[in-house]
1. State whether one or more residues within the range A:127-147 are more than 19 Å from A:His242 (Cα to Cα), touching an Asp or Glu at 6+ places or on another chain (Cβ under 9 Å) and assigned to a helix (DSSP H, G or I).
2. Restricting the first residue to the range A:686-714 and requiring it to be polar (S, T, N, Q), which pairs with a second residue that is not in a helix (DSSP H, G or I) meet a Cβ separation below 8 Å and a spacing of at least six or different chains?
3. Restricting to the range C:53-68, name every residue that is surrounded by fewer than 11 Cβ atoms within 10 Å (Cβ to Cβ) and among the β-branched types (Val, Ile, Thr).
4. Which condition does A:Ser481 not pass, out of (1) in a helix (DSSP H, G or I); (2) open to solvent by 20 Å² or more (accessible area, probe 1.4 Å); (3) of a type outside the set (A, V, I, L, M), if it passes all the others?
5. For A:Met755, work out the one condition from (1) in contact with a Gly (Cβ under 8 Å, 6 or more places away or on another chain); (2) within 9 Å of chain C (Cβ to nearest Cβ) it doesn't fulfil.
6. Looking at the range A:105-126 only, could you name the residues that are open to solvent by 10 Å² or more (accessible area, probe 1.4 Å) and either under 15 Å from A:Pro236 (Cα atoms) or at pLDDT 90 or above (or both)?
7. Just to be sure before I move on: is A:Leu161 closer than 28 Å to A:Cys111 by Cα, open to solvent by less than 20 Å² (accessible area, probe 1.4 Å) and either at pLDDT 85 or above or assigned to a helix (DSSP H, G or I) (or both) in the structure I sent?
Amino acid sequence: MVIAVLSGLLVSLLLLLLDFNKRWPAFLVSLYPATLTIYFLSYLPGILYGETLNVSQPWIPSLQTNLDFRLDGLSMLFTLLITGIGTLICLYAAAYMRADPKLRSFYAYLCVFITAMLGLVLSDNLILLFIFWELTSISSFFLIGFKYEDPASRKSALIALAVTGGGGFMLLSGFLLIGSMGQHYSIQHLLSYPPILTNDSLYPLILVFIFAGAFSKSAQFPLHFWLPGAMKAPSPVSAYLHSATMVKAGVYLLARLSPLLGNQPYWNYTLMTVGGFTMLYAAFHALFRTDLKAILAYSTLSALGMMFFLLGIGTELALLSLVTFIVVHALYKAAMFLITGVIDHETKTRDITKLGGLRKVLLPLAIAGVLAALSSAGIPFTFGFIGKELIYETSLAALPFAFLLTAAVLVANILLGYAGFISGIRPFFGELSAEHREVKTPSFWMWAPPLLLAFAGILFGAFPVLSQDLLHQAANSIGASTPLPPLKLWHGFSPVLLLSVFTILAATAMYLFLKPSTSRLQWVSRFENYSPKAIISGVAAKGKQAAASYTHTLQNGYLRIYVMIIMLFLIALICCRIFDHLHFDIDIAALTPIGIYEVVVTALIIVAIGMILFTHSRLASIIAMSIVGYGLCLIFVFYGAPDLAMTQFTIDTLTVVLFMIVLLRLPAFLNLSNLRIKIRDGLISAAFGLLISVIALMVLQEPTNKEISRFYADNAYPLAKGKNVVNVILVDFRGSDTMVEITVLTIAAIGVYSMLKLKMNPSEKE
Amino acid sequence: MNSIILRTASAYLLPLLLLFSIFILLRGHYEPGGGFVGGLTAAIAFVLHLIANGLQKTRSLLRYHPGVFIPTGLLLSFASGVAPMFVGRPFMTGLWLSEPIPVLGTIGSSLFFDVGVYLVVLGVTLTILFTIVENT
Amino acid sequence: MELLLVILIGVLYASGLYMMLRRSMVKLLIGLILIGNGANLLIFLLGDLSKGKPPVIDVALTAFQNAYADPVPQSLILTAIVISFGLQSFAVVLLKRVYMITDTDDLDQLNSDDQDI
């Protein structure tokens, strides 16, 4: 199974070998999801008996991150949707995107995406799941921005990436919290004792993170705006990613985690509110759109809202209706997107007000469209009907808010049905406009996939027993335990049937009397300024501005300002720390006594430093530098470091020679700063010096650890036959360090040599 | 710099200083001194000669390009570190002759290491200074 | 004496930083050297001072009989001094090279080239 999941990455690489100027490679790629479909179908009988398939492969055991995969009912459902619809999409795209020069990259992204999606729904390890989650965001970024010559396409790809990526970040935080609370990243392990999370005081925080991740991915209000924008992608991508699979990842995640985190007031009410609001908000928005894809996008949003809503209700019936609705929606919505793709491809427009009567030229698609629309409206004998019945049943049973919930669902369903009619039926009926008379029925591969999807919707609807077992298993795997009611076409006369009939009638009435028009679009776009999208992009723009001004202040290109800021920050930081613990308690008697030599030498050095600071002559400053150096040399002599003294002495001599040779040929010091800057710098420097002195004093109070020194001193003669311990350390104990050091010196010499010998380019000399 | 006193003095000082630098190098293991200081002292000896007589004369006195000392020294130090590995001991283990040699005392691999340091320091310093003098 | 050294270290660091904050490249270099000296002295100070007792074993003995200066900071400083010479000479040459190209010692003048890129 690990190989099956990860194979897409390999396939995407193998595409390099194929020549996409011909037709057959595109169809060859379709074999990949088709093979996967067959592979996973082979596990179906077992799953239907309630078995699960677990595979575990160690990856990073120290971080509890392993390739744990688990195939159960819910995973199976999603896996089949991904691979099955994926196969159709691959075939469709082969015709739809024919002659696109970037077809190869398209299929490569698609393969990566399939891998990511499969990994996402099969992972049993939270960290692994997160990795695949991010991979879907990234591959969808490439797919949305596939027409990268178009700025709008690039922009919406970026927005989608920003929103889903931000959500992914939240999700990771949530997962890490879960991991640290539950001591485990394996979902199965965590499930063995769920209260460990729900009883934790951090439980609300976990929910915030997880919800943020799921809502951003599944485009819930107020993070919904990336999805309509993502319709810039080619239609197969919209059909696949933005209706059937990826946007359902959030639903999948919450469904998967619901046994772990669910059935708590926070969980239920948040999901019902957010899902319910999105459901209604997006459904109303769909009313005002005239672009076919926009209508589909908003109705998808609404459907996603409904899924979260059902998850929020959380009863066993709700879970069953959730999984049913997922399949219903995937089938009819993918079909509609594909149909829209064909219409767009053939007529070059997606504006619903300009389309009509296309049944005369695109008959197979008209059939598919009508079937899909019927399913979306929930006409009896379609799968949509079964889904809708279950949803009404759920909401009616969800006491104490049954009335409110049912009303919300009813309104959303009516609007969704209307949107389905508009996008599935309207383009094909009415007057055929003159310019579309020449439209030809496209190739088989473009009308067969949507027709197949729409037909599947009817098939499952007419014979509910076909899908019943899998749906039951899927609901079981997310917590439904008691025997679930069988899927039935006829429930008898009941309030549910009444609601269904009312839904269909109302949607039909709306379709007949409410024609889409551009004026309504204009009306609604007046509120654009207050939409979450505008607000969030406004915030983002402000953030960008702030970052720019911040960068401009801090990274202004003046070296000394950098030094100054770093030092100020350092001083402030250390001061805060030190002032808490500042107490001096130095035993003066224990210090070495001060002799007249030392005082004289120190005074000499300080005077020399003063000279360096205030002189305008380079010669004077070089001489003062050497005085400082020789002064240090004397201090080394006083305190038992003859080696240091000798080295300091020779180096100092050489430095003076060096400076004399080079610096005297440079111009005199410029007096570049005014007094105010000098005083400012002086204060900063004084504070820094003071800080260092304080630190030095504090360290003096601590007893030093002499263990290492003693080891070297004790072993200098026995081990290294040397009596000058400093030298023994250099050439013996730490010989490797010295070795590296002389290498560094060599590099310095080479640097100096090459820098001076290097001939200047004529252009370099200004 | 054109000073007859300095020139005359440097003629005598150069061999003396060089001798002194070798003395410092060799005593390093027992008394203050060692490869670093020795190399620097030798460099100073040449620099003094350079200041008194000019680059040309010092160059010809030295015969080799000072850069030659660097790889020689590096190689010597490295070889003294590797040598113990041939007798099955870890890198940089000190190897010692059992009998002390007159004047030098006990000879071990770390002495060669120090000589290498001496050569590198001398070579680096002279390379830097010669290059700079030459180009100003 | 430690207190005197503490003050000296502070002065070295302060003056070094002050020089580094100047616009002249030469002063920047001098500042660097001063801070380097300060750091050496700081390490030396932290290894406990002991007057006039080098970490050298007496000729007649094979181990230390009485107190001695800490050898570890000394060998650290020794390498630091030598390395700093390499650094200084490299910096000096770099400075000279920059001066040859730009004809200025003013660090701010160097920015203009950077901004054009």
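The values are calculated or read from the model by the stated rules, or taken from the named source; none is laboratory data. Because the structure is a prediction, the values reported are computed rather than measured. Here the Cβ positions follow ideal geometry from the backbone for every residue, glycine too, while neighbour counts run over all protein chains shown. With ligands, DNA and RNA removed, areas are computed over all heavy atoms of the protein, side chains included. Shrake-Rupley method; radii C 1.70, N 1.55, O 1.52, S 1.80 Å.
1. Checked the range A:127-147: at least one residue is more than 19 Å from A:His242 (Cα to Cα), touching an Asp or Glu at 6+ places or on another chain (Cβ under 9 Å) and assigned to a helix (DSSP H, G or I).
2. Short answer, once both residue conditions are applied: A:Gln701/A:Phe584; A:Gln701/A:Asp585; A:Gln701/A:Ile586; A:Thr704/C:Gly47; A:Thr704/C:Asp48; A:Thr704/C:Asp70; A:Ser709/C:Gly47; A:Ser709/C:Asp70.
3. C:Val59 - this is the single residue of the range C:53-68 that is surrounded by fewer than 11 Cβ atoms within 10 Å (Cβ to Cβ) and among the β-branched types (Val, Ile, Thr).
4. Of the numbered conditions (1) in a helix (DSSP H, G or I); (2) open to solvent by 20 Å² or more (accessible area, probe 1.4 Å); (3) of a type outside the set (A, V, I, L, M), the odd one out for A:Ser481 is (1).
5. Only one criterion is unmet by A:Met755, namely (1).
6. Step one: list which residues in the range A:105-126 are open to solvent by 10 Å² or more (accessible area, probe 1.4 Å), which gives A:105, A:108-109, A:112, A:124.
Those that are open to solvent by 10 Å² or more (accessible area, probe 1.4 Å) and either under 15 Å from A:Pro236 (Cα atoms) or at pLDDT 90 or above (or both): A:Ser105, A:Ala108, A:Tyr109.
7. Values: closer than 28 Å to A:Cys111 by Cα: yes; open to solvent by less than 20 Å² (accessible area, probe 1.4 Å): no; either at pLDDT 85 or above or assigned to a helix (DSSP H, G or I) (or both): yes.
No.
Okay, residues lined up against (1) more than 16 Å from A:Tyr109 (Cα to Cα); (2) open to solvent by 40 Å² or more (accessible area, probe 1.4 Å); (3) touching a strand residue (DSSP E or B) at 6+ places or on another chain (Cβ under 9 Å):
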residue: A:Val2; (1), (2), (3): yes, no, yes
residue: A:Gly8; (1), (2), (3): no, no, no
residue: A:Val11; (1), (2), (3): no, no, no
residue: A:Leu16; (1), (2), (3): no, yes, no
residue: A:Asn21; (1), (2), (3): yes, yes, no
residue: A:Leu28; (1), (2), (3): no, yes, no
residue: A:Ala34; (1), (2), (3): yes, no, no
residue: A:Tyr39; (1), (2), (3): yes, yes, no
residue: A:Ser42; (1), (2), (3): yes, yes, no
